[in-house]
1. Give the residues of the stretch B:237-292 that are at positive phi and surrounded by fewer than 24 Cβ atoms within 10 Å (Cβ to Cβ), sorted by residue number.
2. Output the qualifying pairs, or none if there are none: Cβ atoms under 8 angstrom, residues six or more apart or on different chains, first residue in the stretch B:14-33 and within 15 Å of A:Leu178 (Cβ to Cβ), second residue β-branched (Val, Ile, Thr).
3. Can you find even one residue in the stretch A:56-66 that is within 25 Å of A:Thr261 (Cβ to Cβ) and of a type in the set (Phe, Trp, Tyr)?
4. Would you confirm, using the coordinates I've provided, whether B:Gly405 is touching a Gly at 6+ places or on another chain (Cβ under 9 Å), buried (at least 23 other Cβ atoms within 10 Å of the Cβ) and not aliphatic (A, V, I, L, M)?
5. Which ranges mark the helices (runs of 4 or more DSSP H) fully within the stretch A:1-101 that have 3 or more residues being free of Cβ contacts under 8 Å to residues at least 40 places away in the same chain and basic (Lys, Arg)?
6. Among the strands (runs of 3 or more DSSP E) contained in the stretch B:225-333, which hold 2 or more residues that are outside the structural domain of B:Gly504 (by TED's automatic domain parsing) and free of Cβ contacts under 8 Å to residues at least 60 places away in the same chain?
7. Pick out the one residue from B:Gly467, B:Gly459, B:Gly474 that is in the same structural domain as B:Glu341 (by TED's automatic domain parsing) and out of contact with any strand residue (DSSP E or B) (no Cβ under 8 Å at 6 or more places or on another chain).
8. Just to be sure before I move on: is B:Gly37 touching a strand residue (DSSP E or B) at 6+ places or on another chain (Cβ under 8 Å), among the small types (Gly, Ala, Ser) and either at negative phi or modelled with pLDDT under 90 (or both) in the structure I sent?
Amino acid sequence: MSSRYLSFDRKLFTVTLGLLAFGLVMIYSSSAVLALTRKGDPGYFFKHQLVWAIIGVGALFFTQRIPYTRWAQRKWVLGLMSLEVALLLLALASPSINGSHRWIKLGPMTLQPSETAKLVVVILGAFLLNKRVEEKREWTKALVPLGAYVGFVAVLILVQPDLGTVVILGAIMVSLLLVAGLPWKWLGGMILIGAVAVSVLAVSSPYRRQRLMTFMNPESDVRHEGFQAQQSLIAVGSGGLVGKWMGGSSQKLLFLPEPHTDFIYAMIGEELGLVGNLLVLGCFLFFGYLGLKAVRGAPDLFGALLAMGIVSWVVLQALVHIMVTLTLLPTKGLPLPLLSYGGSNLVVTLAGIGILLNVSEHE
Amino acid sequence: MTQGLVPSRLRLFGVFVAVLAVLVVGRLAYLQILRGGYYAALAQNQAQERIDVDLPRASLLDRRGFPLAASTQCPSLYTFDPQKLTDPVGLARAVAALSGRDADDILRDLRARRKFTWLARKLPFQDYDEAKAICGRFKGCDLMEEAGRYYPNSTLAANLIGCVGTDGGLTGLEHHWNDNLQGGTRSYLVMRDAVATRLIPMEMVPDVDPKPVAVRTTIDQAIQFEAERVLNETVAGLNAKDGVAIVLDPRKGDILAMAVAPTFNPNEPGKSTINSWRNRAVTDSYEPGSTFKLITLAAALDSGRFRPTDTIPVGNGTLTVGPKTIHDDEPPIKAIYTLEEVFAHSSNVGAARIGMALGEDTMYHYMRLLGFGQPTALHLTGESAGRLRPPKEWSMLSLPSLSFGQELRCTPLQLTLAYAAVASGGYRVVPRLLPDEAVAPPERILKASTCEALKDMMGRVVTEGTGKAAAVPGVVVGGKTGTAQKIGQKAEGGRRPFIAYFVGVAPLEDPRIVCLVMVDEPVGKIYGGAISAPAFSKIVAFSLKRLSYPDRPSDSDMALMGGPP
């Protein structure tokens, strides 16, 4: 038992904890002014995130000790799928916060079911694709239920509205299908359909259309919709090579909306410069490299797909967040995994990484 | 490798991530290295902006502590962000109506700027309530108190005191003493963000040398007022071009009044011509005319070459020197004058003969000794040194001409100081405007006996000579009239190219006042004895009465003024 406990990928664990700790520091540094303005306590967000980090690390150790094969049991999969849908419906039924139905209030804490959806899709995808290979089924036998469930969940999340999470769900699904060997014509078709769907959605609502327009021409409307993008660029650019050091950011003086969540990478850029940005990017790439090693080393296909789902989720979400802050992608409210403020996101991510670590034990 | 997993697809995923990573690294390098400076400037610019707010200037007080120039809290209107104003057009109109600025100009400012913008600075403090009301009516418009300058007596001593522009003193003492008067500025940091904008006072560097709250001058507000009143009455009555009246205490050199016409209202300097801002008492030089005979006689007596009773032939009142004939204004009553009579009847011929008898060097020595041809110790901004050429540049006509005040120019203050030296009994009088300034040790430049004799002669000018109109009831006064022809100049508007002077001393036995009245280019009358002597009489009568009051303000006066000067 104890030898098994020590056999998971220590590097992967270290990178995860490193990013988590760094995130805590950055949350304090970037949200102090905001917290003081909104809550009257500069440490408000930091303290909350610290609690969530402790819970999350607990969740990581918990999932890391559960043999990953348990997730392949039908009752678990069905249970998680049902729970997820129930939570999403509950979120939609809950009163809106900031104009969207993303959260469920549970006493002092709020739960964001769209975050858990990512983990559920990873488990479901691994389960269905593994079944296809094990039971020599047709692709359709896996694709139809996966597509149906992801599609349903996506619709529930889209009405919140939260396009960013849907894009990540799609990316996880495509990544799983990619490594599972889905023929290119199917894959190509899916990516095409996904791209068209996202494009249609992007112009369907006025605020998304505006975001897209400002993305095309970021300096066209510096005051309003282009504001976030422009402020993010100013934050990153003014950081220069080594940044203004911790707390030195002027952009976080409420210029950059949500500096501790959707734009934390820009804050890292402003306070720690190119050096800090490259360090964080490097950590995620290293995480991806170690994660893919775990995928290759997994004892069976289910484990490999589980690992692949989690790696693609963390790495792709990180890249999308980073690219949004650098205006390489239109503005999406996506947190940077492990670093951004947000309890549900952090706990679910850490729980997912726990599963990844469990897979890595079986090398 | 696990069954079912496609290794090439796994590699493809890795490559995809790597491509995105390269894109990110390239973008970071572009933003942070190549464009770093640009964005740093942008960040600085939008987060912080420094604005400077003027702190109160030191007040200027008269010798008794009454304010001549005071600092007030004036309302200044500003907006943090013109783009966030809900009604810029209405605001521009309201501010224009209050401040007199052009509404279109204000609106153009508001449309062009998205930073901290002043709408109107330093409005008169009487407009405070109205400015406040504008802030209430228009969201986004705020009010800040700034130190402004107010001249409670409007034109009083305006040419001496000067006025203040946006960058400090423009003219006069406000300009000359600017560094000492200026209260400095307080800098605020405008910290702005998407939600709110605040002014955060920047840490002030502690003043090593604290600035005075008020500066007391030697001016006596009442004497200044009377000098101005009489001067303006005289100048206006004769429709003259300009005029100067100076009242000076010969004992310490205190300038009690320095009145200039035309003048201006320093509260609204823009409404007057710059010409009316001049302090002609020091910036302009004029031919002194017959008043200069005092210097000729001082040289004659002090050099020991003449005694007051010595006689000078004046003949029929003409003297031909080379190509030129010198005339007396009125034919002499006898063919031979004593020195006293030359002075009392203001004989040009007599003065010319005395000057020629003394010689170039003696005359020049005394002219320099009495301060001509050099700026006074005040060294005010724009002060003129007058014009006195050295003997080597003189023609054969120069010496006789100088002897009765032609071929040189001096400022009214220079002339006053020469008379003050005589009044003081022969000491150099160093003029001063700061009563608390140390007085230089007395320096004798003329013999006491010379001055006694000259004062005597000045007395006879008033009792029996050209200056009878200068007499002051109950006081023995003395002085000298002057009617200087402005050689080679033409006057305009029916004016005549003459300057009418009276410079005198009162009381003659123990001088407390030297007073000069000069009227430039009058219409009609030209004689100093008729124009300036009566003005002198009024100013001196008032001044002597005024000086019998204690110099320092009483405690109750102090309370009225709001604290010690």
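The values are calculated or read from the model by the stated rules, or taken from the named source; none is laboratory data. Just so we're clear, the structure is a prediction, and the values are computed from it rather than from any experiment. Positions of Cβ are generated from backbone atoms using ideal geometry, with glycine treated the same way; all protein chains shown enter the neighbour counts.
1. The answer is B:Asn239, and nothing else.
2. B:Val17/A:Val315
3. In the first step, residues of the stretch A:56-66 are kept if they are within 25 Å of A:Thr261 (Cβ to Cβ); the result is A:56-60, A:63.
This time we only want the ones that are of a type in the set (Phe, Trp, Tyr), so: none.
Scanning the stretch A:56-66, I find no residue that is within 25 Å of A:Thr261 (Cβ to Cβ) and of a type in the set (Phe, Trp, Tyr), so the answer is no.
4. Details: touching a Gly at 6+ places or on another chain (Cβ under 9 Å): yes; buried (at least 23 other Cβ atoms within 10 Å of the Cβ): yes; not aliphatic (A, V, I, L, M): yes.
It is true that B:Gly405 is touching a Gly at 6+ places or on another chain (Cβ under 9 Å), buried (at least 23 other Cβ atoms within 10 Å of the Cβ) and not aliphatic (A, V, I, L, M).
5. It comes to A:10-39.
6. Working: elements: B:242-249, B:254-261, B:311-313, B:318-321, B:324-327.
Answer list for the stretch B:225-333: none.
7. On the way: B:Gly467 fails: out of contact with any strand residue (DSSP E or B) (no Cβ under 8 Å at 6 or more places or on another chain); B:Gly459 fails: out of contact with any strand residue (DSSP E or B) (no Cβ under 8 Å at 6 or more places or on another chain).
One residue alone meets the criteria, B:Gly474.
8. Working: touching a strand residue (DSSP E or B) at 6+ places or on another chain (Cβ under 8 Å): no; among the small types (Gly, Ala, Ser): yes; either at negative phi or modelled with pLDDT under 90 (or both): yes.
No.
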